[in-house]
Amino acid sequence: MSEKDQDDELEEVVDDENDDDDTEEDDDDKYEKFCMICRRPESVTGKMIELPNNICICDDCMRKSFDMMKNSDIDYSQMLNMPGMNMFTTGDTEQPASSQKKVKKKKKKEEKVPLVDIHNLPAPHKIKESLDDYVIGQEYAKKAMSVAVYNHYKRVATDTMDDIEIEKSNMLMIGPTGSGKTYLVRTLAKLLDVPLAITDATSLTEAGYIGDDIESVVSKLLAAADNDVEKAEQGIIFIDEIDKIAKKKNTNQRDVSGESVQQGMLKLLEGSEVEVPVGANSKNAMVPLTTVNTRNILFICGGAFPDLEDIIKERLTKQATMGFGADLKDQYDHDPNILDKVTTEDLRNFGMIPEFLGRLPIVFTLQGLDEDMLVKILKEPKNAILKQYQKLLALDEVDLEFDDESLHAIAKKAMEKETGARALRAIIEEFMLDIMYEIPKDENIGKVIITKDYIEGTGGPIIVMRGQEVPQLPHTEEA
């Protein structure tokens, strides 16, 4: 190889190294710098003072440090001559600085791009059609959610219009356990491709008490958005078990997990800037803090609200019970759609404060699941439980079938558990365990048919070997 070729090759290597350095610098420019002392970001403190080993200190902390040293009686100039002080070097701080959580810088206002483009935002009927592929029933709930989400992201995409301030479309979902509240929200966030945080209201307490701070729900959304503040500010937060923070009745103790939490959540629901820790649930953790604006975050609250039916019945039967126009006291006792008649007054009597309800303008209910709906849930959605097992066995080249009677038997067992659609998975897991264990043993098995007798424990599944004809199941005519 000539000297000229060697020189050219050396120049290429140097150029590649320079390119790598430029890339690293560009990557660093995308992230916020945080003060090593107060943990505030550069967007809040202003320009940082940079020290060796990626240590940054804000102007305020640096000035306070010098003032403290100036007013102190200690002669800091003699500290380096003291025995043992040479063991403290700047290299000791390299690890904490390099392992900090990174937060992306907010883009300038003119560069801000909405996650959901208004031109590509699906119309409410399109959103509902997509939800229909995954969620069975709950027609009114799906329609209400579709319209609310459509209006919310129109508001986000246009950043409101002129002097007309469009209010947030926060939602409150009321429905029994297992009716599909969480599943609806998850499916919605997946369809829109926006970050989603799901949290439980039971762990929230007033600041300063054992439990999660109210701002921790925003911190979870920030984590779901990969610490991208701009992305998190357009996401969805679902707070489940919201009925657990109702006001406690007849108590003299401070209600730190009830009314106080509702009061603390008001500013989040309406829209405000909150400081949240990056990668931790507590502000006391030694992690950077960043500011998140909740103005464009969609809040969806859900809860089962047990005993709410009794409050509704009591209100409806307060009318006079005498005369020809009187209502019968027991006419609402067997009404399956009693929750549809819920009003703000009923929710206030349950223990929700009026200010909290005022920030959740869209209230709708989900119906409890009956046997026919559970059967449809088993087989109709795109990712139905039966389809999942059929796909698993198809990988072993085995067909799996469920006859109609077996599906109704599974649905009956799920109804007895009173946990809604959640019970279906547990029941099928139980009955499929032996089949999933035994099938791979014999390569000659070509088909398995699950029967009602197998579900009820009075028989077994029908096993069909490869090359055999499927036995005809007995047909019973309905009288």
- Task: Report, by residue number, each residue of segment 364-388 that is open to solvent by 60 Å² or more (accessible area, probe 1.4 Å) and either outside any helix (DSSP H, G or I) or within 18 Å of Ala144 (Cβ to Cβ) (or both).
- Result: Asp370, Glu380, Lys382, Asn383
- Task: Report yes if Leu221 is open to solvent by less than 10 Å² (accessible area, probe 1.4 Å), under 14 Å from the mean Cα position of the chain (by Cα) and under 23 Å from Leu374 (Cβ atoms), otherwise no.
- Result: no
- Item | All positions within segment 446-456 that are open to solvent by 20 Å² or more (accessible area, probe 1.4 Å) and farther than 17 Å from Lys391 by Cβ | Lys452, Asp453, Tyr454, Glu456
- Filtering segment 118-153 down to residues that are more than 27 Å from Asn383 (Cβ to Cβ) and modelled with pLDDT under 85, which residue is surrounded by the fewest Cβ atoms within 10 Å (Cβ to Cβ)? His119
- Checklist (1) closer than 25 Å to Thr177 by Cα; (2) modelled with pLDDT of 75 or more; (3) not hydrophobic (A, V, I, L, M, F, W, C) applied to Lys231, failing item: (1)
- Query: Pick from segment 184-212 the residues that are small (Gly, Ala, Ser) and at pLDDT below 75: which of them is farthest from Val135 (Cα to Cα)?
  - Reply: Gly208
- Could you run through segment 414-430 and say how many residues are surrounded by 18 or more Cβ atoms within 10 Å (Cβ to Cβ) and either assigned to a helix (DSSP H, G or I) or at pLDDT 90 or above (or both)? 5
- Yes/no for Asp226 being outside any strand (DSSP E or B), modelled with pLDDT of 85 or more and surrounded by 18 or more Cβ atoms within 10 Å (Cβ to Cβ): no
- Would you be able to tell me the number of residues in segment 389-402 that are charged (D, E, K, R), surrounded by fewer than 16 Cβ atoms within 10 Å (Cβ to Cβ) and more than 22 Å from Asp133 (Cβ to Cβ)? 3
- Item | Residue check, Val261 modelled with pLDDT of 80 or more, within 28 Å of Tyr183 (Cβ to Cβ) and either part of a helix (DSSP H, G or I) or open to solvent by 20 Å² or more (accessible area, probe 1.4 Å) (or both) | yes
- Message: Looking at Phe299, Phe324, Phe305, can you tell me which residue is modelled with pLDDT of 80 or more and either polar (S, T, N, Q) or out of contact with any Asp or Glu (no Cβ under 8 Å at 6 or more places or on another chain) (or both)?
- Response: Phe299
- Index of the failed condition, Ala411 passing every other in (1) at pLDDT 90 or above; (2) surrounded by fewer than 19 Cβ atoms within 10 Å (Cβ to Cβ): (2)
- Query: Which pairs have Cβ atoms under 9 Å, sit 6 or more apart or on different chains, and link a residue in segment 56-69 that is open to solvent by less than 40 Å² (accessible area, probe 1.4 Å) to one that is polar (S, T, N, Q)?
  - Reply: Ile57/Ser65; Cys58/Thr45; Cys61/Thr45
- Determine if segment 342-363 includes at least one residue that is under 23 Å from Lys190 (Cα atoms), β-branched (Val, Ile, Thr) and not in a helix (DSSP H, G or I). yes
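The values are calculated or read from the model by the stated rules, or taken from the named source; none is laboratory data. The structure presented is a predicted model; accordingly, all values stated were derived computationally and were not measured. A quick note on method: Cβ atoms are made from the backbone with ideal geometry, for glycine too, and the neighbour counts reach across all protein chains shown. Surface accessibility is based on the protein's heavy atoms, side chains included, excluding ligands, DNA and RNA. Shrake-Rupley method; radii C 1.70, N 1.55, O 1.52, S 1.80 Å.
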